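For reference, the structure is listed below as structure tokens.
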Amino acid sequence: MEKKELLYEGKAKKVFTTEDQDALIVSYKDDATAFDGQKKGTIVGKGAINNRMTNHIFQLLEAEGVPTHLIEELNDRETVVKKVEIVPLEVIIRNFSAGSFAKKLGMEEGIKLLSPTLEFSYKNDDLHDPFINDYYALALGLATQEEIDTISKYAFKVNEVMQNYFAGLGIELIDFKIEFGRYHGQIILADEVSPDTCRLWDKETHEKLDKDRFRRDLGNVEDAYQEVFRRLGIH
Ligand code: ADP
Ligand code: UDP
């Protein structure tokens, strides 16, 4: 399958149309942004790692009954995916306190939560992705109740599968963000799962192996992405 026209260029990926109107090609970039795009940089090798890691995890999820947009990995950076209508919700699951949650609640980072949490942000750059709840999503017509139920069920399943999988690699899954889309009336998992969108800490040392190294200028950013990729064992 070949790329036709550039449909969209985001912060981390380019999205191209193909000859199949139900399929797109996503091309992962090394560009990194944080804080609503205010901080910009490059993480060398990130595009290939995020592409291959997402596809690897999406295959595991498919095997566990979570439908995804994955069709076929084309090369290091490019993958053919099902073209969906993205549900404009960033779905965030947390197992430990970190980031905005820790700040908002005056907690240290890394405290194990008694149960996992699920929250929604309205995916809208102009509004800076505000935090909303199910009632807002319904009231604004962002999703139906049935879609919200399906999304929540899949999101917790994704958490269970990824927590177990990463535990086997010596990694604690602190939190993550996922996106879903509509494909011929069905809700499927779309976008990506990578160190850009997950907080991943080494289980023993608690070293951060994710984009927080870039956001917070902690150094060894490329090394962290490489380390996660190495542990996945998919080269
Ligand atoms: P952003 O838009 O936040 O800058 P990216 O650079 O990752 O993010 O751009 C990829 C865009 O493609 C995102 O807006 C994402 O919602 C969208 N997307 C991801 N998967 C699909 C898909 N299967 N079909 C259509 N759009 C998708
Ligand atoms: N996240 C993301 N994209 C966003 C916002 C958050 O991928 O636009 C991920 C982030 O990497 C983390 C989780 O969602 O794994 C929770 O992020 P949080 O709400 O703590 O926000 P942050 O501290 O990143 O502002």
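For residues that are of a type in the set (A, V, I, L, M, F, W, C) and more than 14 Å from ligand 2 (Cβ to nearest atom), scanning just the stretch 30-56, find the one that is most open to solvent (accessible area, probe 1.4 Å). Reasoning before the result, please.
Filtering the stretch 30-56 for residues of a type in the set (A, V, I, L, M, F, W, C) gives 32, 34-35, 43-44, 48-49, 53.
From the residues that got through so far, the ones that are more than 14 Å from ligand 2 (Cβ to nearest atom) too are 44, 48-49.
Working: VAL44: 97, ALA48: 18, ILE49: 9 Å².
Residue satisfying both the conditions and the ranking: VAL44.
Out of (1) open to solvent by 30 Å² or more (accessible area, probe 1.4 Å); (2) of a type in the set (A, V, I, L, M); (3) near ligand 1 (Cβ under 10 Å from one of its atoms), the odd one out for LEU24 is which?
(1)
Inside the stretch 67-89, can you point out the residues that are within 21 Å of ASP134 (Cα to Cα) and open to solvent by less than 30 Å² (accessible area, probe 1.4 Å)? Full working, then the answer.
To start, the set of residues in the stretch 67-89 that are within 21 Å of ASP134 (Cα to Cα) comprises 85-89.
Matches in the stretch 67-89: VAL87, LEU89.
Filter the stretch 4-13 down to the residues that are open to solvent by 70 Å² or more (accessible area, probe 1.4 Å) and either closer than 13 Å to ILE71 by Cα or touching a Lys or Arg at 6+ places or on another chain (Cβ under 9 Å) (or both) and list them by number.
Correct list: LEU6, LEU7, TYR8, GLU9, LYS11.
I need the full set of residues from the stretch 114-131 which are in contact with a Ser or Thr (Cβ under 7 Å, 6 or more places away or on another chain) and either open to solvent by 60 Å² or more (accessible area, probe 1.4 Å) or away from ligand 2 (no atom under 13 Å from the Cβ) (or both), in order please.
If the condition is that a residue be in contact with a Ser or Thr (Cβ under 7 Å, 6 or more places away or on another chain) and either open to solvent by 60 Å² or more (accessible area, probe 1.4 Å) or away from ligand 2 (no atom under 13 Å from the Cβ) (or both), then PHE131 is the only one that fits.
Would you please name the residue that is farthest from LYS40 (Cα to Cα), looking only at residues in the stretch 7-25 that are within 16 Å of ligand 2 (Cβ to nearest atom) and in contact with a Ser or Thr (Cβ under 8 Å, 6 or more places away or on another chain)? So that I can check it myself, show each step before the final result.
As a first pass, look at the stretch 7-25 and keep what is within 16 Å of ligand 2 (Cβ to nearest atom): 10-13.
Adding the requirement that they be in contact with a Ser or Thr (Cβ under 8 Å, 6 or more places away or on another chain) leaves 11-13.
Values: LYS11: 9, ALA12: 11, LYS13: 14 Å.
Looking at residues that are within 16 Å of ligand 2 (Cβ to nearest atom) and in contact with a Ser or Thr (Cβ under 8 Å, 6 or more places away or on another chain), I get LYS13.
Within the stretch 1-86, considering only strands (runs of 3 or more DSSP E) that don't extend past its boundaries, which have at least 1 residues that are at pLDDT below 95?
Once the strands (runs of 3 or more DSSP E) in the stretch 1-86 are filtered for at least 1 residues that are at pLDDT below 95, nothing remains.
Before we move on, is ASP210 of a type outside the set (Val, Ile, Thr), modelled with pLDDT of 95 or more and within 14 Å of ligand 1 (Cβ to nearest atom)?
Numbers: of a type outside the set (Val, Ile, Thr): yes; modelled with pLDDT of 95 or more: yes; within 14 Å of ligand 1 (Cβ to nearest atom): no.
Here the answer is no, as ASP210 does not meet what is asked.
The values are calculated or read from the model by the stated rules, or taken from the named source; none is laboratory data. What you are looking at is a predicted structure, and each value in this text was computed from that prediction instead of being measured. Here the Cβ is made from the backbone with ideal geometry for all residues, glycine too, and neighbour counts use every protein chain on show. Quick note on the areas: whole protein, heavy atoms, side chains included, nothing else; ligands and nucleic acids left out. Shrake-Rupley method; radii C 1.70, N 1.55, O 1.52, S 1.80 Å.
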